[in-house]
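**Q** Below is one structure. I have some questions about it.
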Amino acid sequence: MIKLFLRDIRIEHTLFALPFAYVGALLGAGGHPTWWQLVWVTLAVLGARTAAMAANRVLDRKIDAKNPRTAQRATATGALPTRVMVGAIVVGLGLTLLAAAQLNRLCVILLPLAAAGIVIYPLCKRFTWGTHFVLGMIDGFAPLGAAIGVSGHVTLASVLLFVAVTVWVAGFDIIYALMDYDIDRDQGIHSIPAIFGAAITQWLPVALHIFMLVCLALVGWLAHAHPPYLLGMMAALALIVYEARCIREQANVFSLNDKIFMANMSFSVVFLGASLFGRFS
C-alpha cells in the first residue's frame, strides 16, 4: 500500500519544489537561514506537495481512468482506495500548518491561499486553459512561503521569485500536456495545446522561460546577490536554448517530456547552488 501510494503521488516530483523553496529561505534570511528554519520549510513543502498530488489523484480519478497514459494509476484503477488519498490531503495540510506555525504567524494567515489552490487546481482543467498557471502558482507558493516564513514579511524580491516559479512550471507543464493532446480534446479537457493547438508549444514555453530569466535576474539585483548568482542566470539561459532545440527537433512527445523533465530538474538544483554561493544580502 505504501509503495502504491508513493508511486501514485510521484514523491520524486517534490524535487521540483524544494530547491526553489530553499532559494526563498535564503532570500528571506539574507543568505543565512537557520537549520531549524530549513527543516520546517522542508516539512511544509513535503506536506503541501503530498496534499496537492493526493487531491489531484482523487478529483481526477475518473478522467485518469479514460486516458491510456494514466489509466493504470492506483487511484484510477481502485487499487488504492480513495480514502487513502483523502487522508493524505488532511495529513499533508496538517503538516504544512504545523510547519507554518513554527515559522511565523504571517505564514499561518496566508496558508489558506495555498490550501485553496491545492483543491482548485485539479478542477481548473475542466473549464480553463489557465490550469498550467494555477499549477505554477501552487509551486510558486513554496519559495514565497519560505521567504515569508524566514523573514516574517513580503518583499518585492520574494514576489518576483514567486512569479518566476509560476511561469517556469507553467512553461514545462504546457509541454507535458502534449502527451494528452488527443485525449484531452476528446474529453473536453482544457489545456493550452488542446485549446489553441499543438503549434503553440513551439514558442510559448520558451517565451515563459525567458520571462522567468528576467524575473530571476531582478531577484538577484534587488537582493544584492554576489557574482556566483550569475551562474544561475547562465543555467537558465542554457535551459532555454536546450528546450528550444528539443521542441524544434524532437518529434516524439514522450521522449521530449523525458528530456524537458530532466533538464528542468537539473536547472532547479543548479540554481539553488548558484543562489547558495551567491549569498543574498
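Every number in this text was worked out from the coordinates using simple rules, so none of it is lab data. Not measured: the values here are computed from a predicted model. Cβ placement follows ideal geometry from the backbone for every residue including glycine, while neighbour counts extend to all protein chains displayed.
**Q** Considering the options Asn56, Ala274, Pro33, tell which one lies farthest towards the positive end of the dipole of the chain, charges being +1 on Lys and Arg and -1 on Asp and Glu at the Cβ, about the Cα centre.
**A** Comparing the listed Cα positions along the dipole, Asn56 ranks first.
**Q** Which FRET efficiency value, to the nearest 0.05, is calculated for Ile183 and Glu249 with the Förster distance at 35 angstrom and r the Cβ-Cβ distance?
**A** Numbers: r = 25 Å, r/R0 = 0.71.
After rounding to 0.05, the efficiency reads 0.90.
**Q** Here's another thing I want to ask about it. Give the calculated FRET efficiency between Thr34 and His226 to the nearest 0.05, with a Förster radius of 25 Å applied to their Cβ-Cβ distance.
**A** Details: r = 21 Å, r/R0 = 0.82.
Efficiency computed from Cβ-Cβ geometry: 0.75.
**Q** While we're here: Treating the beta-carbon of each Lys and Arg as +1 and of each Asp and Glu as -1, no other charges, what is the dipole magnitude of the chain about its Cα centre, to the nearest 20 debye? Intermediate values should be presented prior to the final figure.
**A** Values: 19 positive and 13 negative charges, 98 e Å.
Here the chain has a charge dipole of around 480 debye.
**Q** Next up: Starting at the first residue of the range 89-101, write each ³J(HN,Hα) from the Karplus equation 6.51 cos²θ - 1.76 cosθ + 1.60 with θ = phi - 60°, in whole Hz, x for Gly and Pro.
**A** For the range 89-101, the Karplus curve yields 4, 5, 5, x, 5, x, 5, 5, 4, 4, 5, 4, 5 Hz.
**Q** Expressed in nm to one decimal, what extension gain is obtained for the pair Leu156 and Ile195 from 0.36 nm per residue of sequence separation less their Cα-Cα distance?
**A** Answer, rounded to one decimal: 10.7 nm.
**Q** Could you please rank Thr70, Thr50, placing first whichever residue has the fewest other Cβ atoms within 10 Å of its Cβ?
**A** Details: Thr70 18, Thr50 24.
Listing Thr70, Thr50 from fewest to most nearby Cβ atoms yields Thr70, Thr50.
**Q** Cα centroid distance between the range 180-217 and the range 30-98, in Å?
**A** Rounded to whole Å, the Cα centres lie 24 Å apart.
**Q** Can I ask one more? At what distance in nm do the modelled label points of Ala207 and Ile109 sit from each other, each positioned 7 Å from its Cα along Cα→Cβ?
**A** 3.7 nm
**Q** Between Gln72 and Leu123, what is the label-to-label distance in nm when each label sits 7 Å out along the Cα-to-Cβ direction?
**A** 3.3 nm
**Q** Given an 8 Å cut-off on Cα distances and at least 6 residues of separation, report the relative contact order of the chain as a percent. Kindly include the intermediate steps, with their values, before the conclusion.
**A** Details: 432 pairs, mean separation 60.6, N = 281.
It comes to 22 percent, rounded to a whole number.
**Q** Rg over Rh of the chain, using C-alpha atoms and the Kirkwood radius, what does it come to? Don't skip to the end; give the middle numbers.
**A** Working: Rg = 18.4 Å, Rh = 19.1 Å.
My calculation puts Rg/Rh at 0.96.
**Q** Right, next: Determine which residues of the range 156-198 fall in the zone a paramagnetic label at Lys259 would reach in this model, i.e. backbone nitrogen under 17 Å from the point 7 Å along Cα→Cβ.
**A** 172-179
**Q** Taking the mean number of other Cβ atoms within 10 Å as a proxy for protection, how do you rank 158-170, 206-218 from highest to lowest? Provide the component values of the computation, followed by the final result.
**A** Numbers: 158-170: 24.7, 206-218: 19.5.
Result, highest mean Cβ count within 10 Å first: 158-170, 206-218.
**Q** While we're on this one: Pick out, from Ile118, Gly171, Gly140, the residue whose Cα sits farthest towards the positive end of the charge dipole of the range 56-210, with +1 on the Cβ of Lys and Arg and -1 on the Cβ of Asp and Glu.
**A** Farthest towards the positive pole: Ile118.
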